[in-house]
Amino acid sequence: MKRNGIQLTHSFATALLLCLGVLLPLHAAVLGANAKQPLRVLYVGGDADVLGGPGPERAADFTSFLAQNFIEVKSIAGADFKPELAANFDVIVKDAPISIVLPPTFRKPMVLVGSNGLAGIDRTGTKIKLLCECLREKLYDIKLDHPIFQGPLPVKPTLVQETNPYTGETADMWKVHEKTQDPGLVTAVEQFLDAADSEVISGGINLKGDHGVALVREANLFLWGPIGSPRTMTEEARRAFVNTIVYMKHFDGAQQTIWRGLDGRQELQMVLATKDLHTMLSPERAYQNFLPELLGKYGAAIEKYRAYYTPDLPYVRQPHGNIWFEVDPDAKSLGISNNAPLLLEKSVQLLADPAQSGRAVRLLERYTGLHFATPEEWQIWLVANKEKLYFSDSYDYRFFTGPAGPAPTARSIETAIRHMDLANPSDVSPVSVGATVATYYYSKEGNFSKKGALITLIVRLNIADGWHVYAKVPEDAPYKPVTLQAELPKGFRWSGDWTTPHASPGDVPGLTEYRGDAVFLRQFYATSAASKALINGTVHVQACNTEKCLPAASGTFNVPLTVYEN
């Protein structure tokens, strides 16, 4: 065999072909892994006023990187963005502010890069809000089984256990980019917990600790909180970023269905009370809270906004897809505040009037989030729930009969337990008792939550070595089990019963015991704001060891709590 003047022996040629037979499939696999993804990506960036800039250099870096990974990439400045430009693309990577308010019908998938990505989007009513521009380059609490770490590009984040400088806790950290002068962005975790339209993927080192999350999806929006551009990203992060874009294609047309963290009418009253909009901490935010059609007419004349809104404060609301305050003409026409249960009662009555039934249905569905087919069903629901109703501005301007917000995370509960100050038990006093509450975040300044949000009451028993207390006691046994009694203030409600710790079998059938550290949990929520609420309680225990049992004893606890309207 002769090729290009080189004489090959038959045996050598055969060996070469055999090698190629092995190598060619491997080469094909590499090509497949590095092939461009079949998506069209629109990059929005390059503006001068972006974090992680200079803008043009940053845009060139992103555009080059995206072009290496996707079949079609186009770059435009944020100032030039218009919704119709997105029609020919699958996913938008937003890395600059935009000057327009996106309409509620705009549901193209978007990957929002840090504060650059959020600017402008935060006017649409999204739960993704600026909690803090303070994200560092490392993430933790990562859901490694999430699709963005599975493919199409394989990613195995390198985790290094480090101490979080803001919480003092150790965690497995993933470095996503080199240190940068500008910070990334975190949003508040509680907005997304147990929300059907959202998923939290990762936290990150930031000033707000575990309260801030760095990677999160809501409907068609994905917040990529880290600010580093591709040239500063780690290879693992670059792969995860590509996978994120591919993943978001599945949410084309997805719609936000859960609304939390809205500005309440108290915030509007505060804005209206100012003497000069330009002296406010954030005047541009104040303007965004006003109806767009008023801005051209009133400008900076706060007294005109005050005259417009003040008489109709009982009827204001924030419509889905926007953050401005509008006056509800349906509620106003009845002269009943939209946060008064009387509005629902009157609406149910009007269902029987064909001329009024359309307005009645709008009001009932708007302010309950429910839908019933007949007036009879609405009446049955109202009678069954009338005494439970309370209203929340923050949670979508509607009535609730149970908790409006999710429970604290397991990490929040662990943090609250860890910071409890309990006396050390001894043979003289073998059980020490403490109580606290867990909310969305831990604060040394006190316990804070907001109306409608679930709160976890924690009662902890620290039992000395060699001692135990009783969980269950048979009728014929002479011991006393642990009992907990807790009293909630007016306007507070329980949500479920106690969650009890693991109990060990005792020395007789049916007898179980608690040893060591025993933690009891129970959830509750507030239906009204409270500045100085106290949760009072009593714990009854009987402590025993192998030699003796002490007489049953009781200990009391008082847990202070502040609940805000919003």
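None of the figures in this text is laboratory data; all of them are computed from the coordinates on show. In this text, all values refer to a predicted model and were calculated from it rather than measured experimentally. Please note: Cβ atoms are built from the backbone with ideal geometry, for glycine as well, and neighbour counts cover all protein chains shown.
A few points about this structure:
- Other residues within the sphere of radius under 15 Å centred on the Cβ of Glu547, judged by their own Cβ, net out at -2 (K and R +1, D and E -1).
- Farthest toward the positive end of the dipole of the chain, out of Pro109, Leu313, Ala77, is the Cα of Ala77, where the dipole comes from beta carbon charges about the Cα centre.
- Sites Asp80 and Tyr564 - FRET efficiency at Förster radius 45 Å, r taken between beta-carbons, to 0.05: 0.65
- In this structure, the amide hydrogen of Gln150, modeled 1.01 Å from its nitrogen in the peptide plane, lies closer than 5 angstrom to no residue at least 5 positions away or on a different chain.
- Spin-label model distance (nm) - Asp465 vs Glu284, 7 Å beyond Cα toward Cβ: 6.1 nm
- What the Cα atoms of region 265-400 give is an Rg and a Dmax of 17.0, 53 Å.
- Normalised per residue, the volume of the convex hull around the Cα set of region 37-82 (Å³): 62 Å³
- Cα-centred dipole magnitude for region 410-564, charges only on beta-carbon of K, R (+1) and D, E (-1), debye, nearest 20: 860 debye
- Dimensions of the chain along the principal axes, based on C-alpha atoms and rounded to the nearest Å, stand at 103, 75, 50, largest first.
- Amide H within-cut-off set for Cys132, under 5 Å, with H built and near neighbours excluded: Val186
- Cα principal axis extents for region 333-478, largest first, Å: 77, 46, 21
- For region 144-153, 3J(HN,Hα) computed residue by residue from phi via the Karplus equation (6.51, -1.76, 1.60; θ = phi - 60°) reads 5, 8, 5, x, 5, 9, 9, x, x, 8 Hz, glycine and proline entered as x.
- For region 119-278, the relative contact order works out to 28 percent when only alpha carbon pairs closer than 8 Å and six or more residues apart are counted.
- Local electrostatic count, Val473, Cβ distance below 13 Å [Lys/Arg +1, Asp/Glu -1]: -2
- A simple rule links phi to the HN-Hα coupling: the Karplus curve 6.51 cos²θ - 1.76 cosθ + 1.60 with θ = phi - 60°, which for region 430-438 gives x, 10, 10, 10, x, 8, 7, 10, 10 Hz, with x for Gly and Pro.
- Cross-link pairs exceeding 21 Å between alpha carbons, from the set Lys108/Lys129; Lys108/Lys208; Lys275/Lys297: Lys108/Lys208.
- Calculated P(r) tail over 30 Å for region 36-251, as whole % of Cα pairs: 14 percent
- Backbone phi angles across region 381-392, fed through the Karplus curve with coefficients 6.51, -1.76 and 1.60 (θ = phi - 60°), yield HN-Hα couplings of 4, 4, 4, 6, 10, 3, 6, 9, 5, 8, 10, 10 Hz in residue order; Gly and Pro are listed as x.
- Spread of Cα-to-Cα distances over 5 Å intervals beginning at zero, given as percent, for region 410-564: 2, 9, 19, 20, 18, 13, 10, 6, 3, 1, 0
- Packing-based ranking, highest mean first, of 421-428, 207-214, 501-508, 150-157 given that Cβ atoms within 10 Å are counted: 207-214, 150-157, 501-508, 421-428
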